[in-house]
Each structure stands twice: as C-alpha cells, then as structure tokens.
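Here is the structure we will look at.
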Amino acid sequence: MTVAQKEASRLAARRRPARRWGRFFNKTVPESLGPRLILIVMCALFLLPFWSMATAAFKTTQELSTFPPTFFPLGLEWSNFSTAVNYIPFGTFFINSVILTTGIALGAAISNPLIAYGFSRINWPGRDVLFGIVMATIFIPFPVLIVALFDIFAKLGWINTFLPMIVPAFFGNPFFIFLMRQFFRGLPGEISEAARIDGANEFQTFLYVILPLARPAVAVVVIFAAVAAWGEFLAPLLYLQDEAKYPLSIGLQFYRQEHAVSYNLLMAASTLIVLPVVALFIAFQRFFIEGVTVGSVKG
Amino acid sequence: MIAAPRLHLSKADRRNLRTAAPFILPWVIGFFAFTLYPIVYSLYLSFTSYSGFGNATPVGFANYQHLASDPLFFKSLWNTLYYTGLAVPIGLVVAIVLALAMNQKVREVAIYRAAIYLPSILPLFALTFIFIVLLNPRFGFVNYLLSLVGVPTINWLGDPKWTKFSVVLLAQLGAGGPALIFLAALRAVPGELYESASLDGAGALRRFRHITLPLITPVILYDLIYGTILGVQIFTPAFILVGGTSGGAAYTAGPDNSLLFYVFYLYKEAFQYSDMGIASAMAWILFLISVVLSVIIMRWSRFWVHYEVS
C-alpha cells in the first residue's frame, strides 16, 4: 500500500461512525505496525551512542560545546580525523593492535579446533568430566589471576612484550572449545570411519577430513577472537609499559592526558577504531549470529 | 593421566586415551600454567608481603587483617555488589525484552536484529569514551532528549548517585549478545504449545508467563550466573571514566570514590601501591565471592528452573 493510499484510507476512516473504527483499523493497519515501531525505537536507542560518536567526530570544538546539541553536524569537519591521527602516535598504536589481534586470532584458530576434536570425536574415559572442568573455567573471573600472572610473566621476562596476551591464545579458550565441540559433534561418525579405513591416523583425519568441513566454525572462532582482541583493555594495561608498545585501547587515553580534552578528536579516533569492527560485522553478519546461538543449544 | 577415574581401563580405552592426549594437551598445559598455578600461587602470595621485586616474606594473615580494617576495601566491595545487583537483573530483563522484539514477525526483522546486536561487539573502551560525550550534562544527547520530556539535567558522571547507574546503562549496550541467545531459546519453544493455549483462551501475557518463561529458565540461569561473574569483575568503564591513572596514586575513583570497584582497587593495590600481597588476598576473596554467588544462584534456581522431561 502506498503512502497516499494509506493517507486516503486514514481520512476515510475518520469519517466513519466511531464504533466501526476498530474493525476498520484492523483491516488497514497491518498487524506488524506495533512491533515494528517498538523495534525501530529500540534500534534508535542502541544506535544513539554510535550516532553521537559519528556526529561528534565531524563537529568543530565550538559546535560540540553548544546546547542543545546538534543531531546533524552543521559542517563536516574532516580535518578532525587527520588532527586526531597526528595528535597521538595513532599509526603505532594501530599497528600494535593489528599485531595483537592477528596473533590472538591465529592462536585461537590453531588451538581450539584441535582441543575440541579431542573432546568430541575421540571417546576416552573421563572425557566428559574433564570437559566439565573446561566449562567451569568460564566462571573464574580473569582479574582473580592478574597479580599472579603478572609475576609469572615478569619472571619470564615477558613484560612489555605482546607474549602475555598472544601465547595464552594458543592454549585454547573454553567458549571457543565449546563452540567447536558443538560443531564436531554434529558431523556424522561415518566420515571419520571412512578416513580410518583409508588408513588415515587420528591427526590426519582431523587435519584433512574434519577441519576442512569445520571451516565455518573456525571462521566464527577467528572472528570472535579478533573482535575480543581488538577491544582487549585490562591485559595490555597490565603487561605493556612502553608507549611504543601500546595498542589503541590504551593509547586512546592520551587524548585526555592533556589538560583540555578534545572530545571531537577523541570521537574521530573512536570512529576509526570502531569502523573495522562494523565492517567485519557487515561482511560476516551470519557468522556472528550463528556463533552466539551455538551456545544456546543446550542452555 | 589426570582424567582417568577408573583403575581398570580396557585396551580400547587406553588406546583412545593415548590418541586423545595430544589433542587436549594444549588445554591441559594452558590450564595448569595460566589458571591453576596462578590461583594457587596467589593464595601463597596472599600470605606474604611482596612488592613484585625481590622475595616475598611470609606475614601470615596480616593482609587479610589489613583488608578487614580498610574502609576503602569495603567501599569497593559495596560498589561492586551494588553495581552487580543492579546490572544483572536489568540486563536480564533488557535481553528478554529485546529477544521478544526480535522474535516478531516483521519482514525486515534481520536489520533490527543486526542493529541491536552490533553495539555488543564494539570495543568496551571505545563505548566508554562515547558515553563520556553522550552523557555529558552540557552537550550530550541523553540529557537533551530527557529535557524534551521534562527531566531535569542529570550529572551522570559527576554525581556519585548516578555514576554506577551510568555504568549499568553502558553495560546494556552489550545486551544484544544475550538477547540472541534468548531469541534462539524462544524459537525452540514448540509452536503447538502456543496454539493450544490460544484455543484455551490464554492471552499473550499468560502465554508468556506459563509457556515461554518456564521454557527459557535454563537460559535465564546461565545468564544470571555469567552476568554475575562479569559484574563482579567490572573494571574497564570505571577506569576510563575516572581518567585512568593520570591523577597519580592519590586521586579518588570517581566522585566520592563511587566508581572504585573491587577490581579497580585490586589493580591499584597491585600496580600503583606495589602491594602484591594485599592484591593477592583481594584476588582470592574475589574468587571465593564468585564461587559463593554462583552456588547461591544454582541452589536458588532449583525452585524455578524448569528442565524438560524429554
């Protein structure tokens, strides 16, 4: 129905006797109107921070401090972005973030399928008990470990390197192990049987038969690991002391350490940090949604 | 192997154990090196005086005694429990409401779902910086929009009454993730149940109360426990909102220390005051708190979690 038609029927409805209005309403206004309005309001609320950031990034300092705030910037102050990038060693921080993210995602891609395979496609005594312990570690708050971990990494000489963040990624993560395990359990046993009959050992079966089938699940793990690594805050704060080693999460503080905070520059930099995640999300939306819901198969 | 509960293993069992060992070995090593050992080691450190350099000297229960008489320790504990007590139930309701909305039969629902989910994957540190602008009493959108409906200006980040609630609001941006899990649970509810209830004359509210809610209780339980564990370790937003460590050791964490959360105080003890012993004692207390809270929720859930008989 076009807008004009809707408008016409709305006007027509007004002329009818009041008691027939309800019946008419049900006929012309689609049932989905209410839910749709609610959903639009919810989306507006959830995207408001994003809009706030993106508009502030394009405002002049003067415009940003006016009340009421402008929902659309009066002009597009593109220079904010170049100023923001030059204000702090943005390039260095960006490269550090990329190195950390790549290392952690790589570790996740290698370790979790391997571990999950051992917890799903081989039937050994005590397997499910040990898997219970894997799952239980989800409920240990990371900050409980930071003091001891710091001391351990300090004794290893790893402070001020990326190793304390990247190396643990190569030893698996309970969420990702769970996710991969769910996927492996869904593959029929005959596939492994066939490989075994062809003379493949367990590792060959894993590497050449099962892993290629699990590519979508590995993609989910890599994407989630990368997004988490990109936003990692506490670990780099603890383990990195040299400014030249900072990732963006820690480096962003620098906009505030000068006495006057330049919020438009801060928001321009934030936009640059958030955009890769948004791009990744748009490109791999299906993987994100599927990845989250894997965990819900069994509560 | 640690994972052998029985003494008599058949030949096949033994062979399978040998085959599986290399696969799970990375996890076993990681578990010992990065989880179990640090937990045990920090228990030891909690009974010592240790600056991070030199040797740790045993001091018995002195660290725990010190904490028992430290008002800031209790302040941080209170702040954290207050935040968790607010963030977890609010987060649960928001996630369920979002899931119900995402479950509506609207053609372009995938777009709404994506928009609501997106903020939950954005870096928390970036969202915190965004909130500083968004909640600014002078030029932020939130106060302006509230002023349109007659709400007086709220100093979100400057008034100790509002600071923790601001962090609760911030946490809701992550509700899209749990909402998707609830959505999957909603879709798993057999449609026939709703149909027969409708025939019996049950309205939407009663259908939700008597069909939907019982069937999603296992997910509610998971959300409560995991939300609580995340809640007690709240750190990043508070740390960024108060401006990091730029103020030196003497600064307060937000107005009236209202953002001095437990982990924030732990961080300060360990890395600003270099008191690894006290920080380790705090770490162990946090560990116990999270275990106790999880057990309490588990016990309580026996009264309301509905497990399908099938």
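The values are calculated or read from the model by the stated rules, or taken from the named source; none is laboratory data. Since we're looking at a predicted model, the values are computed, not measured. As a convention, Cβ positions derive from the backbone with ideal geometry for all residues, glycine included, and neighbour counts pool all protein chains shown. Heads up: the accessible areas ignore ligands, DNA and RNA and are worked out on the full protein's heavy atoms, side chains in. Shrake-Rupley method; radii C 1.70, N 1.55, O 1.52, S 1.80 Å.
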Original post:
In the protein assembly as shown, with Lys and Arg counted as +1 and Asp and Glu as -1 at Cβ, which of these residues, A:Leu211, A:Leu252, B:Trp78, has the Cα nearest the positive end of the dipole, that is, farthest along it?
Top reply: A:Leu211
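Shape of the protein assembly as shown from its Cα gyration tensor (a ≥ b ≥ c, root eigenvalues): rounded if a/c is under 1.5, otherwise prolate when a/b > b/c, or oblate?
Values: a/c = 1.64, a/b = 1.13, b/c = 1.45.
Oblate, because a/c is 1.5 or more while a/b does not exceed b/c.
Give the peptides A:72-79, B:172-179 in descending order of average Cβ contacts within 10 Å, highest first.
Working: A:72-79: 12.0, B:172-179: 22.5.
Top of the packing list down: B:172-179, A:72-79.
Could you calculate the contour length gain from A:Glu193 to A:Ile99, that is, 0.36 nm times the residue separation minus the distance between their Cα atoms, to one decimal place in nm?
Values: separation 94, 0.36 × 94 = 33.84 nm, distance 3.99 nm.
That pair, A:Glu193 and A:Ile99, stretches by 29.8 nm at full extension.
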Subject >> Mean-position separation - Cα centroids, the range B:177-237 and the range A:169-229, in angstrom >> reply: 30 Å
**OP:** Could you pull out every whole DSSP H run in chain B that spans at least 15 Å of Cα extent along its own axis and averages 0.0 or higher on the Kyte-Doolittle scale?
**Re:** B:11-31, B:71-102, B:160-172, B:176-187, B:213-232, B:276-301
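Place a +1 charge on the Cβ of each Lys and Arg in the range B:65-301 and a -1 charge on the Cβ of each Asp and Glu, then give the dipole magnitude about the Cα centre in debye, rounded to the nearest 20.
420 debye
How about the range A:107-214: which GluC sites (Glu not before Pro) there lie in a loop by DSSP and see at most 12 other Cβ atoms within 10 Å? Mind showing how you got there, number by number?
On the way: sites: A:Glu190, A:Glu193, A:Glu202; in loops: none.
The qualifying sites: there are none.
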Subject >> Two-site label geometry, A:Phe142 and A:Val278: point separation in nm, points 7 Å out along Cα→Cβ >> reply: 2.5 nm
**OP:** Just name one of B:Gly174, A:Ala44, A:Val147: the one whose Cα is farthest towards the positive end of the charge dipole of the protein assembly as shown (beta-carbon charges, Lys/Arg +1, Asp/Glu -1).
**Re:** A:Ala44
Original post:
When the dipole is taken about the Cα centre of the protein assembly as shown, and only Lys, Arg (+1) and Asp, Glu (-1) are charged at their Cβ, what size is it in debye, to the nearest 20?
Top reply: 2200 debye
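Per residue, how many Å² of accessible area does the protein assembly as shown show with a 1.4 Å probe? Please report the intermediate quantities before stating the final value.
Details: 28780 Å² over 609 residues.
I get 47 Å² per residue for this part.
Based on DSSP loop calls and a cut-off of at most 16 other Cβ atoms within 10 Å, the longest stretch of chain B free of exposed trypsin sites (Lys or Arg not before Pro) is what? Numbers along the way, then the final one.
Details: sites that count: B:Arg6, B:Lys105, B:Arg107, B:Arg138, B:Arg302.
Within chain B, the longest run free of exposed trypsin sites (Lys or Arg not before Pro) spans B:139-301.
How large is the direction-averaged shadow of the alpha-carbon convex hull of chain B, in nm²? Could the numbers behind the result be given before it?
On the way: hull surface 96.9 nm².
Convex hull of Cα atoms, orientation-averaged projection: 24.2 nm².
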Subject >> Cα Rg over Rh - chain A, Kirkwood >> reply: 1.11
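For the range A:108-257, which whole percent of the accessible surface, found with a 1.4 angstrom probe, sits on carbon and sulfur atoms?
On the way: 3550 of 5630 Å².
On the range A:108-257, the fraction of accessible area on carbon and sulfur atoms equals 63 percent.
Chymotrypsin sites (Phe, Trp or Tyr not before Pro), restricted to the range B:37-105: which are DSSP loop and have at most 15 other Cβ atoms within 10 Å? Walk me through the intermediate numbers first.
Working: sites: B:Tyr41, B:Tyr44, B:Phe47, B:Tyr50, B:Phe53, B:Phe61, B:Tyr64, B:Phe73, B:Phe74, B:Trp78, B:Tyr82, B:Tyr83; in loops: B:Phe47, B:Tyr50, B:Phe53, B:Phe61.
Answer in residue order: B:Phe53, B:Phe61.
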Subject >> Only Lys, Arg (+1) and Asp, Glu (-1) charged, at Cβ; the range B:1-100 dipole about Cα centre in debye >> reply: 600 debye
Subject >> Mean separation of Cα contacts under 8 Å, 6 or more apart, over the residue count of chain A: relative contact order % >> reply: 29 percent
Original post:
Can you tell which of B:Pro38, B:Val292, B:Leu213 lies farthest toward the positive end of the dipole of the protein assembly as shown, using +1 and -1 charges on the Cβ of basic and acidic side chains (Lys, Arg; Asp, Glu)?
Top reply: B:Leu213
Original post:
So if we plug the beta-carbon distance of A:Leu47 and B:Leu86 into 1/(1 + (r/R0)^6) with R0 = 30 Å, what FRET efficiency do we get, rounded to 0.05?
Top reply: 0.80
**OP:** Kindly compute the accessible surface that chains A and B hide from a 1.4 Å probe when together, both sides summed, and give it to the nearest 100 Å².
**Re:** 8500 Å²
Subject >> Distance between modelled label sites at B:Ala68 and B:Leu148, nm, 7 Å Cα→Cβ extension >> reply: 5.6 nm
**OP:** Pop a pseudo-label 7 angstrom from the Cα along the beta-carbon direction at both A:Gln285 and B:Ile297 and give the gap in nm to one decimal.
**Re:** 3.1 nm
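On a full-extension model of 0.36 nm per residue, what is the gain between A:Leu211 and A:Thr61, subtracting their alpha-carbon distance, rounded to one decimal in nm?
The span from A:Leu211 to A:Thr61 would gain 48.7 nm if fully extended.
With all protein chains present, how much of the accessible area of the range B:54-201 (probe radius 1.4 Å) comes from carbon and sulfur, to the nearest whole percent? Walk me through the numbers on the way to the answer.
On the way: 4400 of 6650 Å².
That share works out to 66 percent.
Quick one, could you list the DSSP H helices from chain A stretching 15 Å or more along their long axis (Cα atoms) with average Kyte-Doolittle hydropathy of 1.6 or above? Mind dumping the intermediate values first?
Numbers: long enough: A:3-15 (19 Å, -0.77); A:33-58 (35 Å, 1.82); A:90-118 (42 Å, 1.33); A:174-185 (16 Å, 0.84); A:215-231 (24 Å, 1.86); A:263-283 (29 Å, 2.12).
Those that pass (Cα extent of 15 Å or more, hydropathy at least 1.6) are A:33-58, A:215-231, A:263-283.
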